[in-house]
Every structure is written in structure tokens, then in C-alpha cells.
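I have placed the structure first, in the form of C-alpha cells, so that the comments after it can refer back to it.
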Amino acid sequence: MDSHNGVFLSFVIPVYNAEKTMRRCLDSIVTQMDMTGEPYEVICVDDGSTDDSSRILDDYAAKHEEISVVHAANGGPSRARERGVELARGRYIVFADSDDYYRDGSLSGIVRVVKSHDGIGMYIFGYCERNELDGPLAERKAILLAEGRQSTRDFLKAYATPEHISLLNFLFNKVYRADVAKTARFDHDVTLGEDALYNYTCYAACPEVYMGGQTAYVYENYSAHSLSRGRSLGEVWTAYKTIVQGIAPVLEQYGIDTQAQSLHAVYLISVMHEYLRKPTTTPQDRQIAVGILNDGFNRALSRSAVGRIGTVDSLMLCCARRGWGRLGLSLCDMKRVRGRKTS
């Protein structure tokens, strides 16, 4: 631990206009980490905030020697996180967001697991999610595999599925060994799915991960800062493609490359269902939907990409494979009309 200046955990937090939530986030870390007795640091990168966040951060840094603040021009969360990772001195690195926090008494369990199984490249835990202000917490537990050391291949095989991929893609439910975190890089040109790409680089460098049963982190998914909110159909499709293209070589590395095909197919169906859920559609919506179905990326889809799906979805995938975008859109519109008649 000497090479890390005695620091066990480094928390990296990008901050942008978080004056209403910043205190809760920092308090949840400082209060709990002080009780563990383990050396830690909190690196807050102020990403050009225009509210009172900068002053709040400076006040906390003045009161807590473990907290340091970097004030930077606005460059987005990826650049802010990267700056924090560069400065981190800890043996392990953790990412948190300024509008989220850790449940009371939960960080001690994370620390205990990492210390007991020291040296693994990545530790993956569940998390809690709140989808509306003052709403209930839903636990997203990492329950598909037994707790403990797992080969990265087994982990990816279990979690590289649409229903479980959030546990694989998110940053905040993981602890990274410092050398792994510092080797990976964020893609500054990607604004939706950049977390996933970063993690895929880490998985490629770690033949083994640790699966933990703890659910310490609280993800406030209703927040206005949630990056996936308010995105257009085209932006969501671009993010899905980014995820599939990013994970495909990692799955191939571990000999489970067919799962990328399944993700591709289900994401394509998912984005077209977003089109179907629109109460009304504009000519622009229709143009974007046709473009998605005509995307050359879909030519690589295999017929066996997914299991049992509905007839319309199966035909839609067939249209996407062949580049028959307008026919695929007609199928979607038929499904929309049929849905209105039966509702």
C-alpha cells in the first residue's frame, strides 16, 4: 500500500450544478468512511458549475482534509472523471455522482469485502434505484452468480443481457483496482454509453472479478442530470449501437461473442418499441425510424440472434437485416393501429 501513499479508497466525483444534492453525497461518504478507519480521499472535479456548487465544495474541502477540489472549465462528466482518476492516489478507485449517495452503514460492507479479497481487478455490487422524487428504493442485486470470485467470462455470460446489463455497464456499483482504472480511458465523443465503454476496457484487462451481495449506492434515476432522459429516438439508437460495438470484441475475447448478436437484436426491437409508444408520430419520427431499420449495422444480425419473440418483431428484424426500412416501418404502424383498436 506504500505505493498508494497509504490511501485505500479514492472516490472520484464529477460535479456540475449540484448545489441541492452535493452535501448529501459528500456527507454519506465522509461519515461512513471515517467510521471504517481506512484511509480514503474524495476528489471532486467541479466541471464549470454556475450555481453555488463551487463554494460548497471549497467549504467541505476546508473542513475535511480527505476532500480535494479541482475547478475546471466545463468539459463533460467523462473528462471530469478522467481528471479525477489521474489525481487519485488510492489502491482502489470508486466513481460516484453528485446527485446520488450511499445508504447509511453500507460502505463498511464494501470496504470489508475489498480488504478481504484484496488484489482483484474489479469488484461488482448491486445498487438501489429511486425512479421518482420521494419514491421507494428498489434493490438491483447482483444475484445471478454466487457471491465471490468469478471468471470474467462467467460474469459477462450471465450479465451481458438486456435485462441485466445495467449491473455490467454502470460505474457507480463497482470498485476498480487503481492500475485497471488508470489504464482505461473514457471516450470524450460519446455522451450516452461512455460508462459502458470504459467498463468494457476494464473487463478486457481483468480475467477475474468479484461479485458482492451488498447494495450500498443509491441511484437517483429521476434526476434532471440523468443523461439518458430527454434523448431522441436517434440518440438512443446511437447509444445502443455504441454498447453493442463496444462489448462485441470483449465477448469475443472470452469466447461468448454470440451474446452481442442477442443484445443487438433486442436493442433494435427496444428502440422501435419506443417509436410505437409515441402517442403521435411526426414525419421526422418516421424518417428516423426508417433510418434505424436501414442502418447498415443491422446487416450483421443473424437469424438466431434472439429466442422466442412476437411475429411482428421477428418480421421487423428480418426487414432490418435486409435494409427494408419502409416495409419495417409499415409493420410497426400496423402494430400501432392494432394496438389502438384493442386498447
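The values are calculated or read from the model by the stated rules, or taken from the named source; none is laboratory data. Just so it is clear, the structure is predicted and the values come from calculations on it, not from any experiment. For neighbour counting, all protein chains shown are included, and Cβ atoms are generated from backbone atoms with ideal geometry for every residue, glycine included. Note: areas computed on protein heavy atoms with side chains; ligands, DNA, RNA excluded. Shrake-Rupley method; radii C 1.70, N 1.55, O 1.52, S 1.80 Å.
Assuming R0 = 35 Å, can you tell me the calculated FRET efficiency for the pair Asp118 and Ala62, based on Cβ-Cβ distance, to the nearest 0.05?
The formula returns an efficiency of 0.60 here.
At 37 °C and 0.692 mPa s, what whole-number value in µm²/s does Stokes-Einstein give for the translational diffusion of region 170-219, with Rh from the Kirkwood sum over Cα pairs?
D = 273 µm²/s.
Roll a 1.4 Å probe over the protein chains and send me the accessible area per residue for region 1-140 in Å².
Per residue, region 1-140 has an accessible area of 44 Å².
Enumerate the calculated ³J(HN,Hα) couplings along region 182-195 in order (Karplus 6.51 cos²θ - 1.76 cosθ + 1.60, θ = phi - 60°), each rounded to whole Hz, writing x wherever the residue is Gly or Pro.
Rounded to whole hertz, the list is 7, 7, 6, 10, 8, 8, 5, 8, 9, 10, 9, x, 5, 4.
Take the Cα radius of gyration of region 21-60 and divide it by 2.2 N^0.38 Å, with N its residue count; two decimals is plenty.
Cα Rg divided by the expected 2.2 N^0.38 Å: 1.28.
Given contacts defined as C-alpha pairs under 8 Å and at least six residues apart, what's the relative contact order of region 125-190, whole-number percent?
This gives 26 percent for region 125-190.
Please check which bits of region 53-67 a label hung off Arg23 would reach, taking the label as a point 7 Å along Cα-to-C-beta and the cut-off as backbone N under 16 Å.
53-64
Whole-Hz Karplus ³J(HN,Hα) for region 95-101, in order, using 6.51 cos²θ - 1.76 cosθ + 1.60 and θ = phi - 60°, x for Gly and Pro?
Values per residue, Gly and Pro as x: 9, 9, 10, 5, 9, 10, 6 Hz.
Could you calculate the FRET efficiency of Ser151 with Arg185 from 1/(1 + (r/R0)^6), where r is the beta carbon distance between them and R0 is 25 Å, rounded to 0.05?
Calculated transfer efficiency: 0.50.
Compute the projected area of the convex hull of the Cα atoms of region 102-152, averaged over all viewing directions, and report it in nm² to one decimal place.
The number I arrive at for region 102-152 is 4.6 nm².
Carbon and sulfur atoms: what percent of the 1.4 Å accessible area of region 1-108 do they account for?
About 46 percent, which is the carbon plus sulfur part of the accessible surface.
Rounded to the nearest 500 deg cm²/dmol, what is the calculated helix-only ellipticity per residue at 222 nm for the chain, with -39500 (n - 2.57) per DSSP H run of length n ≥ 4?
Per the formula, -14500 deg cm²/dmol.
Given the pairs Lys278/Lys335; Lys241/Lys278; Lys141/Lys335; Lys63/Lys174, which span a C-alpha to C-alpha distance of over 24 angstrom in this model?
Lys141/Lys335; Lys63/Lys174
What is the Cα radius of gyration of region 151-285 over 2.2 N^0.38 Å, N being its residue count?
For region 151-285, the normalised Cα radius of gyration comes out at 1.12.
Hey, if you drop one equal point scatterer on each alpha-carbon of region 105-202 and run the Debye formula without solvent, what base-10 log of I(q)/I(0) do you get at q = 0.20, 0.21 Å⁻¹?
Results for region 105-202 at q = 0.20, 0.21 Å⁻¹ read -1.19, -1.28.
To test your reading of the geometry: what angle, between 0 and 90 degrees and rounded to tens, separates the Cα axis of helix 77-87 from the longest principal axis of the chain?
30
Pull out a ≥ b ≥ c, the square roots of the eigenvalues of the alpha-carbon gyration tensor of region 10-119, then state rounded if a/c is under 1.5, prolate if not and a/b is larger than b/c, and oblate in the remaining case.
prolate
Per-residue HN-Hα couplings for region 240-250, Karplus 6.51 cos²θ - 1.76 cosθ + 1.60 at θ = phi - 60°, whole Hz, x for Gly and Pro?
Going residue by residue, I get 4, 4, 4, 5, 5, 5, x, 7, 4, x, 6 Hz, with x marking Gly and Pro.
Over the heavy atoms of Glu38, what accessible area does a 1.4 Å probe trace out, to the nearest 10 Å²?
Approximately 40 Å² of Glu38 is accessible to the 1.4 Å probe.
Taking Cα atoms of region 123-167, Rg/Rh with Kirkwood Rh, to two decimals?
So for region 123-167, dividing Rg by the Kirkwood Rh gives 1.05.
Below 8 Å, C-alpha to C-alpha, sequence gap of six or more: please give me the relative contact order for the chain in percent.
16
Any chance you could list the semi-axes, whole Å, largest first, of the equivalent ellipsoid that the Cα gyration tensor gives for region 255-336, using √(5λ)?
22, 13, 11
Please list, short to long, the whole-number percent of alpha-carbon pairs of the chain in consecutive 20 angstrom bins beginning at zero.
It works out to 29, 54, 17, 0, in whole percents.
With all protein chains present, how much of the accessible area of region 231-283 (probe radius 1.4 Å) comes from carbon and sulfur, to the nearest whole percent?
Solvent-exposed carbon and sulfur of region 231-283 make up 54 percent of the total.
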